[in-house]
Amino acid sequence: MKKILVHFFAIQIAFAQNPKGGDCDFSINGKVFEAEKNIEFEAVAVFLKELNLHVNTDEKGNFIFRNLCKGDYTIEVSYLGYKNLSINYRLQKSIDDKIFLHSDTCSLPSVTIKGEKENEIASLCYISLTTKEINQNNGQNLGEMLRILPGVDVLNTGTNISKPMIHGMSGNRIASYSMGVRQEGQQWGAEHAPEIDPFLAGKISVIKGAASVRYGSDAMAGVILVDGAEARSNFGVGAKLNSAFFTNNRMNASALQLEGRHKILKNLAWRVNGTFRKGGNYQTPSYYVGNTGLEENNFAAQLFYEYKKLKLELLYSQFNTTIGVMKGSHFGNIDDLRQIISEGGTRSQSDFSYEIARPYQKVFHEMLRLKASWTTDLGSLTFISATQYNDRAELDAHKPINQEWRNKPQLQYKLFTFTNDLVFEHKKINKFHGSIGIATIYQLNNWDGRLLIPFYQNYNGGIFAIEKYHLGKLEFETGLRYDFKYFEAQFNNNQIFEKKPYIFQNLSAIVGVNYYLNEHFVLKNNFGRAWRAPNANELFSNGLHHGTASLEYGNPNLKAESGYKFISSLEYKTEKVKFEINAFAHRIENYIYLKPANSTRQLINGAFPEFNYTQTHAFFYGTDGNVMLKPIKNWEFNARYTFVNAYDIKSNGYLVYIPPYNANIEVLRNLNFWESKNISNAYISMRWLWVNEQTRVEANSDYMPPPAAYQLLNAQIGSDFKWNKHQLNISFQARNILNTTYRSYMNRLRYFADEPGRDFILRVNYSI
Amino acid sequence: MMTIKKQFSKIMIGTTLLAIASQFACRPIETKPKDSGAGEEEVITKVTIHLTNTADVNEHFKVVYNDADGNGAQLPTIDTLKLKNGTIYDAYIDLFDGINNENLTEEIKKEGDEHCFHYTFTPTNSLSGVNALTSDYDKDEKNMKLGLKFKLHTATTTGLGSFNVKLKHFGEGETKTENPQDGSTDVDISFPTQIK
């Protein structure tokens with residue numbers, strides 16, 4: 001595929017050097033303002049009637065239709081809660097125009113305040129990375145990008161495996177949706193990160209709250225949504241190149257996107273993406289850590305087709321990654337682990353290298369997706385059908401002695417998933433607005449190497465309805481869903497096949513009330529019930545887990561977990577002050593966890609502690625929030641915090657791997673004295689991060705006490721540059737400026753090495 | 001210029017479709033589970049130590065540590081090592097994978113520079129302990145201690161104790177040492193021992 005990408009790029013450069021001439025080289029350049037506040041209006045839908053082209057305005061309210069021929073055109077500008085506007089142009093030359101949208105006084109208060117498309121579950125807290133935040137964090141994996149959001153933490157295995165956590169839960173207690181499709185990898189493992197390329201995303205957001213009603217089982221604590229960008233609306237070919245260079249592990253992460261639409265097939269648009277990431281051993285303040293490199297190559301191709309009210313999207317994406325697992329973190333038995341800890345991390349020390357040796361993980365994920373949406377007078381109907389194939393291979397530090405098996409993985413899982421979703425969103429009838437849908441999943445999982453997760457087939461069906469009702473300043477919302485799951489594991493003992501079937505049925509529900517106090521204030525309350533069925537590993541694990549030197553035993557009689565989460569959020573938004581504060585309480589019945597058996601077992605390779613999958617009731621509560629202040633011109637202050645607590649109710653003890661309290665404050669100065677026709681959005685910023693020690697752990701429950709609290713200092717400077725059609729965004733970031741030595745409680749490899757020291761990152765985003 | 005552009009659009013759309021079609025071939029996924037007994041990985045299930053009295057070559061015997069189901073729930077069977085006091089034995093160790101039915105000793109020998117055996121008697125230097133030691137280990141290609149073959153010496157005192165056998169493994173990027181604390185543990189077993 002790399003070959004093809006290079007080929008595309010060569011052609012693109014040829015075009016850039018040969019500007020087109022003729023009568024079809026005009027453009028309509030517009031800028032949309034919110035009329036009452038006179039501020040730039042983002043995400044407004046602009047429709048060019050004659051060519052059936054849709055675009056949305058950018059952060060600055062700008063939109064552009066390029067390569068237009070002479071003639072008459074009509075543009076329709078619309079935004080929920082605002083009066084639609086229709087403007088006629090007679091194009092003789094390119095036009096620049098300012099457009100003011102006036103609010104529709106009878107409209108929903110939620111829309112005028114939020115300034116966003118209405119969320120599917122209005123009473124839940126949605127939070128997205130802004131374009132600026134995405135640009136500032138490019139080159140990192142999804143988990144690391146998401147962790148800047150309040151309420152989101154990550155569970156790391158080393159520096160390259162990051163599992164996102166929402167309100168203290170990760171893996172199968174949150175759901176991930178990539179390009180509208182439920183991501184199905186092997187989420188159950190603590191060292192399995194989501195196989196999603198953030199470079200592919202047009203929008204990355206997180207829902208905090210029990211959202212099973214809309215997103216199916218597993219969405220107990222929340223949902224991660226990675227959505228694709230809309231199709232290119234204007235004619236021609238565009239290119240986008242994002243590159244990031246990291247000094248600490250000498251990583252280069254680059255992504256190229258090409259997209260186009262042509263007049264001869266004006267209803268068809270295409271887009272291709274290629275991503276490359278390669279990094280070597282990372283560096284703590286005093287040494288390099290062995291075998292911590294990664295290599296990732298991703299590819300995606302998309303076709304978009306619009307015909308009247310029908311929209312079709314075909315997507316193929318592929319994710320390939322090879323991740324080194326830290327040297328010295330794989331060991332024989334529990335005595336080895338104690339010995340390594342007592343040495344203080346000397347075994348992981350190494351020189352710099354890009355080479356990835358055993359132990360390592362190699363993960364392949366691909367998806368083929370068809371999305372069809374049809375807009376009628378009654379509402380819109382969306383159908384998404386997708387197949388996913390996930391192939392995860394783990395190679396242990398210990399190479400097999402047998403020559404035949406030498407290069408084969410010790411653990412391999414292959415998971416095939418076929419999902420179908422049909423959702424109908426009806427238009428407002430009286431004061432009701434909502435959606436109904438059905439979702440089905442078929443899965444087949446097989447294994448190779450050592451048996452850890454058995455062969456299984458999984459059939460799921462769900463049906464849901466969500467309705468909203470507006471009454472003055474109040475908005476009521478309720479939703480109900482029924483899910484049915486047939487899960488059948490199969491074992492082969494000497495060609496005797498044994499089937500173990502399970503049936504799970506469950507109801508999920510939400511009740512929400514939003515109160516729109518005035519145009520600035522909104523108070524949201526949501527109570528949700530969500531569930532998840534036990535995973536194959538929780539039911540059937542039987543034996544040694546090498547990564548932790550423990551013997552883990554599943555329990556085939558586990559029941560499904562069900563949770564009740566209440567989340568309340570207060571949002572306030574003016575130009576100078578913006579804040580959003582959440583508080584949540586979450587009770588989970590039959591919470592599944594690994595309980596130490598307080599005994600060790602003697603195997604031929606030594607003594608191993610035993611753990612059993614057990615159920616209890618758990619209680620999580622906490623608060624998170626972000627505050628933005630612009631007290632003085634050109635100065636901006638941002639503060640964020642996440643506080644999560646979790647208890648095992650039955651034993652009245654603490655749960656493990658709950659993120660410690662953390663907060664960060666950013667001070668930003670706009671460098672507007674640099675601004676000119678070509679330079680905009682220049683800024684310099686400093687961020688202070690604080691992570692407390694995790695004090696809420698059971699005494700003597702771990703091989704090492706939780707690491708101490710730490711503080712880090714980061715700084716960043718950046719700006720946008722623009723000339724003709726070229727747009728360039730350059731930023732330079734310094735992380736851990738003071739080269740602080742620290743370890744993180746949320747890193748599963750904290751026993752073996754320190755976290756990275758100082759890192760300088762140069763990011764260049766170019767588009768045409 | 002326009003024709004190139006037209007062509008380019010066609011090429012792009014065509015390639016995209018082709019890429020999708022070609023990539024989405026049938027994936028290699030079996031629809032039946034494989035046998036859960038056989039794993040493509042060694043599991044040492046049996047360790048045998050063969051001993052011969054250097055003073056009397058006809059006196060040879062073995063002790064066996066056998067954990068037939070590997071990491072499974074079944075308990076191992078362990079022989080007692082019965083030694084004569086004031087004796088020197090020639091000894092060698094044999095490792096067997098009963099799950100895949102494969103002898104591992106030869107392979108360990110081939111990869112001598114990744115392995116090292118350590119033998120310890122406890123308690124020693126006490127009146128009722130097992131006062132014995134091992135020596136004369138065979139070497140790997142780099143002339144470092146391997147320990148598949150060794151000599152076992154018992155003192156004139158008699159007593160009870162245990163004999164611990166450790167096999168240390170050094171993976172990719174690790175340097176072999178003869179320090180029993182280094183490397184990761186492949187075997188760590190103890191035989192009850194008596195010296196009469």
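Things to note:
- Test item: A:394-406 mean partner chain Cβ contacts at 10 Å: 5
- Beta bridges by DSSP in the range A:353-424, antiparallel share as percent, to the nearest 5: 100
- Over the range A:580-697, relative contact order from alpha-carbon pairs under 8 Å, at least 6 apart, %: 19
- When shorter helices are ignored and each DSSP H run of at least 4 residues is given -39500 (n - 2.57), the per-residue value for chain A at 222 nm works out to -2000 deg cm²/dmol.
- Taking θ as phi - 60° and the Karplus parameters 6.51, -1.76 and 1.60, the scalar couplings of the range A:636-647 work out to 9, 10, 10, 10, 9, 8, 9, 10, 10, 10, 9, 10 Hz in sequence order, x denoting glycine and proline.
- Note on A:ASN672 and A:SER380: the extension gain reaches 100.8 nm, defined as 0.36 nm multiplied by sequence separation minus the Cα-Cα distance.
- Relative contact order %, chain A, counting alpha carbon pairs below 8 Å whose residues are six or more apart: 10
- Mean projection area, nm², convex hull over Cα of the range A:683-724: 5.2
- Hypothetical label at A:TYR593: residues of the range A:652-680 whose amide nitrogen lies under 11 Å (7 Å Cα-Cβ projection): A:652-658
- Efficiency of FRET from Cβ geometry, B:VAL64 and B:LYS110, R₀ 35 Å, rounded to 0.05: 0.90
- Computed E for A:THR695/A:ILE737 - FRET, C-beta separation, R0 25 angstrom, nearest 0.05: 0.35
- Viscosity 0.692 mPa s, temperature 37 °C, Stokes-Einstein D of the range B:48-196 from Kirkwood C-alpha radius, µm²/s: 203
- Amide hydrogen proximity for A:ILE99: with H placed 1.01 Å from N in the peptide plane, the residues at 5 or more positions away or on another chain lying under 5 Å are A:LYS31, A:VAL32, A:PHE33.
- Nonlocal amide H pairs with A:TYR282, under 5 Å, H built at 1.01 Å: A:VAL289, A:THR292
- Secondary structure note: in the range A:230-346, about 100% of the DSSP beta bridges are antiparallel.
- Neighbouring Cβ atoms from other chains, within 10 Å of the Cβ of residues in A:324-337, number 3 on average.
- Projected area, mean over directions - the protein assembly as shown, Cα convex hull, nm²: 41.4
- Cα-projected label distance for B:LEU127 with B:LYS34, points at 7 Å along beta-carbon direction, nm: 6.0
- For the range A:539-588 versus the range A:700-768, the inter-centroid distance based on Cα atoms is 26 Å.
- For peptide A:253-266, the mean count of partner chain Cβ atoms within 10 Å of a residue's Cβ comes to 2.
- Alpha-carbon centroid distance for the pair the range B:99-168 / the range A:239-301, whole angstrom: 52
- Partner lysines for A:LYS650 [C-alpha distance under 24 Å; skip if fewer than 8 residues away on the same chain]: A:LYS559, A:LYS565, A:LYS595
- Gap separating the Cα centres of the range A:470-499 and the range A:162-225, nearest whole Å: 16
- Antiparallel content of DSSP bridges confined to the range A:499-640, in %, to 5: 95
- When the P(r) is computed for the range A:274-321, the part past 16 Å accounts for 62% of the Cα-Cα pairs.
- Judged by the mean number of other Cβ atoms found within 10 Å, the most tightly packed of the peptides B:56-64, A:52-60, A:193-201 leads the ranking A:193-201, A:52-60, B:56-64.
- Note on B:ASN179 and A:GLU404: with the Förster distance fixed at 30 Å, the Cβ-Cβ geometry gives a FRET efficiency of about 0.40.
- Average Cα contact separation per residue, the range A:238-325, under 8 Å, 6 or more apart, as relative contact order %: 23
- Modelled this way, with points 7 Å down the Cα-to-C-beta line, the labels at A:ILE264 and A:ILE503 are 5.8 nm from one another.
Bear in mind these aren't lab numbers, they're just calculated from the coordinates by the rules spelled out. These numbers were taken from a predicted model, which means no experiment stands behind them. Neighbour counts are summed over all protein chains in view; Cβ atoms, including those assigned to glycine, are modelled from backbone coordinates with ideal geometry.
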